[in-house]
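Colleague: Once you've had a glance at the structure underneath, I'll fire off some questions.
The values are calculated or read from the model by the stated rules, or taken from the named source; none is laboratory data. This structure is a prediction, so every number in the text was calculated from the model and none was measured. With ideal geometry, Cβ positions are generated from the backbone for all residues, glycine too; neighbour counts draw on all protein chains shown. Areas reflect the complete protein model, heavy atoms only, side chains present, ligands, DNA and RNA absent. Shrake-Rupley method; radii C 1.70, N 1.55, O 1.52, S 1.80 Å.
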Amino acid sequence: MSPSSLDELIEALRCLPGVGPKSAQRMAYHLLQRDQRGAARLAEALSHSLSVLRHCERCNAFSEEPVCSRCANPRRDAGLLCVVETPADLAMIEQTHAYQGLYYVLMGRLSPLDGIGPRELGLDRLIARATDGAVREVILATNFTNEGEATAHTVASLLGARGIRVSRLSRGVPVGGELEHIDAGTIAQALVERRTL
């Protein structure tokens with residue numbers, strides 16, 4: 001029989017997305033057998049992060065300060081506010097170097113089946129942020145899933161009713177994509193959102 005501390009470690013690793021029982025077991029054995037220094041570093045980094053990270057008062061992303069360095073940067077365009085579902089989505093947009101505005105991170109998306117409505121998502125904080133007088137356009141960059149679309153629609157309705165200009169990321173054929181390898185829904189959307197050259 002496995003020691004209970006080992007079972008607890010395996011169960012704790014299962015909280016990670018995409019990690020099932022076998023993967024969690026492999027990770028636990030690897031950390032204990034081959035990389036105890038890495039395991040100690042991981043434990044220390046998690047503990048430290050949990051004790052010092054909070055949500056930025058302006059964008060809701062993770063930060064060690066009340067206002068993160070991105071929101072405090074005077075070179076960012078305070079008139080543009082990009083709404084994303086997760087910090088990972090924010091990071092992907094930042095990697096493009098194509099956007100110099102500010103962000104608001106929802107930390108999720110509307111999902112009535114999971115009991116996540118506007119109140120649980122904290123849409124009132126987003127509305128307050130978007131109507132602070134500095135924002136001239138809100139760019140909705142939620143995912144193109146059913147929940148992401150519902151979230152974008154709800155946010156657009158709430159902000160539009162307050163006179164805020166709202167736009168949505170376009171979607172279509174990816175750069176370097178070949179039409180024969182792209183699904184019909186993506187091609188259809190690209191045709192709808194085509195632009196004049």
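Colleague: Kindly establish whether residue 82 is touching a Cys at 6+ places or on another chain (Cβ under 6 Å) and either at negative phi or among the aliphatic types (A, V, I, L, M) (or both). Before you say what the answer is, go through the steps one by one.
Modeller: Details: touching a Cys at 6+ places or on another chain (Cβ under 6 Å): no; either at negative phi or among the aliphatic types (A, V, I, L, M) (or both): yes.
No.
Colleague: Another question, then. Since residue 140 meets every condition but one in (1) in contact with a Leu (Cβ under 9 Å, 6 or more places away or on another chain); (2) more than 20 Å from residue 70 (Cβ to Cβ), which condition does it not meet?
Modeller: (2) is the only condition that residue 140 fails.
Colleague: Also: Of the conditions (1) within 21 Å of residue 139 (Cβ to Cβ); (2) of a type in the set (Lys, Arg); (3) over 20 Å from the mean Cα position of the chain (by Cα), residue 37 clears all except one; give me its number.
Modeller: (1)
Colleague: Consider residue 105 against the criteria (1) open to solvent by 30 Å² or more (accessible area, probe 1.4 Å); (2) in contact with a Pro (Cβ under 9 Å, 6 or more places away or on another chain): it satisfies all of them except one. Which criterion is unmet?
Modeller: Tallying (1) open to solvent by 30 Å² or more (accessible area, probe 1.4 Å); (2) in contact with a Pro (Cβ under 9 Å, 6 or more places away or on another chain), residue 105 fails exactly one: (1).
Colleague: Quick check on region 85-98: of everything there that is under 16 Å from the mean Cα position of the chain (by Cα) and not in a helix (DSSP H, G or I), which residue is farthest from residue 53 (Cα to Cα)?
Modeller: Filtering region 85-98 for residues under 16 Å from the mean Cα position of the chain (by Cα) gives 85-96.
When the remaining residues are screened for being not in a helix (DSSP H, G or I), the result is 85-86.
Details: 85: 18, 86: 15 Å.
If we take residues in region 85-98 being under 16 Å from the mean Cα position of the chain (by Cα) and not in a helix (DSSP H, G or I), then 85 is farthest from residue 53 (Cα to Cα).
Colleague: Could I ask something else about it? Quick one: which helices (runs of 4 or more DSSP H) sit completely within region 115-197 and have at least 2 residues that are closer than 27 Å to residue 76 by Cβ and open to solvent by less than 60 Å² (accessible area, probe 1.4 Å)? Lay out the reasoning, then the answer.
Modeller: Numbers: elements: 118-121, 123-130, 146-160, 184-192.
Output list reads 123-130, 146-160.
Colleague: Pick out the one residue from 82, 59, 71, 15 that is part of a loop (DSSP other than H, G, I, E, B) and surrounded by 12 or more Cβ atoms within 10 Å (Cβ to Cβ). Quick ask: steps written out before the conclusion?
Modeller: Numbers: 82 fails: part of a loop (DSSP other than H, G, I, E, B); 71 fails: part of a loop (DSSP other than H, G, I, E, B); 15 fails: surrounded by 12 or more Cβ atoms within 10 Å (Cβ to Cβ).
Step by step, each of 82, 59, 71, 15 is checked, and only 59 is part of a loop (DSSP other than H, G, I, E, B) and surrounded by 12 or more Cβ atoms within 10 Å (Cβ to Cβ).
Colleague: Would you check if there is a residue in region 72-85 being modelled with pLDDT of 95 or more and over 30 Å from residue 168 (Cβ atoms)?
Modeller: Step one: of region 72-85, the residues modelled with pLDDT of 95 or more are 72-85.
Okay, now just the ones that are also over 30 Å from residue 168 (Cβ atoms), so none.
Taking every residue of region 72-85 in turn, none turns out to be modelled with pLDDT of 95 or more and over 30 Å from residue 168 (Cβ atoms).
Colleague: How many residues are open to solvent by 90 Å² or more (accessible area, probe 1.4 Å) and not in a helix (DSSP H, G or I) when one looks only at region 18-50? Outline the logic, then answer.
Modeller: Start the filter on region 18-50 by keeping residues that are open to solvent by 90 Å² or more (accessible area, probe 1.4 Å), which leaves 22, 26, 33-34, 36-37, 41, 44, 46, 48, 50.
In the following step, the residues that additionally are not in a helix (DSSP H, G or I) were identified as 34.
Residues in region 18-50 being open to solvent by 90 Å² or more (accessible area, probe 1.4 Å) and not in a helix (DSSP H, G or I): 1 in total.
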